[in-house]
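To start, the structure under review is shown below, and the notes come after it.
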């Protein structure tokens, strides 16, 4: 995303991982603006949080090409609101039945998907709300995260369940990041795998695992199909035009005339 101005909003008022990373960054990353929405108190919590969130979203989109919102893992009004305005939603999911349970329940014997769970149902409602407001459909990507470097016996079962659920709910499945120590080591320095570590930390010995991690990040960015270049912008415009045309009545004059 070189050359793009990126704004960030941290909705996790307890953990604030994105805010801590942004404060520690050692690079000259061009963050247009960064906000951390404070946890509201009082009787009108939802109204107070919504007003602050809306103000910061408006400020962010006026100064950036992309807005990244870090939503908390727990259910809240702001978390649902952020899901409903997203153009692209990335849901990281560990390769385990425990994490899969937030999307769907599976049969204990056959492992077939039997029921949609609370988070998937919430996202489905948020996408429907977005569609009713401006006709756009959120691109939902489920990223299998913290993948074990060695093969696991549950991996094929998880993949099959996610693919089946993706067809039902309309999300895309992709591989995210493997379980690598390099990601945890870069966080306290405010760095990412895309940064030029040789230039930023010249005394640090080059780590070949960083190249692998960098490729994982680039692969994920490619999978998200963000409008980073002219081709991506044309694709985004065509997608928006297609969704807009879905609500138009079918022109049958030419068909009936023939």
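The values are calculated or read from the model by the stated rules, or taken from the named source; none is laboratory data. Note that the structure is predicted; figures quoted are calculated from it, not measured. For neighbour counting, all protein chains shown are included, and Cβ atoms are generated from backbone atoms with ideal geometry for every residue, glycine included.
Evaluate segment 107-123: report whether one residue or more is within 27 Å of residue 65 (Cα to Cα), at pLDDT 90 or above and part of a helix (DSSP H, G or I). Within segment 107-123 (the criterion being within 27 Å of residue 65 (Cα to Cα), at pLDDT 90 or above and part of a helix (DSSP H, G or I)), the answer is yes, since at least one residue qualifies.
Looking only at residues of segment 1-16 that are over 26 Å from residue 222 (Cβ atoms) and surrounded by 14 or more Cβ atoms within 10 Å (Cβ to Cβ), we find that the one that is modelled with the lowest pLDDT is 13.
All of 123, 116, 109, 141 fail the test of being touching a residue at least 40 places away in the same chain (Cβ under 8 Å) and more than 23 Å from residue 223 (Cβ to Cβ), apart from 116. Residue 164: under 26 Å from residue 225 (Cβ atoms), over 19 Å from the mean Cα position of the chain (by Cα) and assigned to a helix (DSSP H, G or I), yes or no? Judged against the criteria, residue 164 is a match. The number of residues in segment 76-88 that are closer than 21 Å to residue 170 by Cβ and either touching a residue at least 40 places away in the same chain (Cβ under 8 Å) or surrounded by fewer than 19 Cβ atoms within 10 Å (Cβ to Cβ) (or both) comes to 9. Report the residue count in segment 17-39 for those that are within 21 Å of residue 186 (Cα to Cα) and either modelled with pLDDT under 85 or surrounded by 17 or more Cβ atoms within 10 Å (Cβ to Cβ) (or both). Residues that pass the stated criteria total 14.
Of the residues in segment 89-100, none is modelled with pLDDT of 85 or more, surrounded by 13 or more Cβ atoms within 10 Å (Cβ to Cβ), assigned to a loop (DSSP other than H, G, I, E, B) and within 14 Å of the chain's Cα centre (by Cα).
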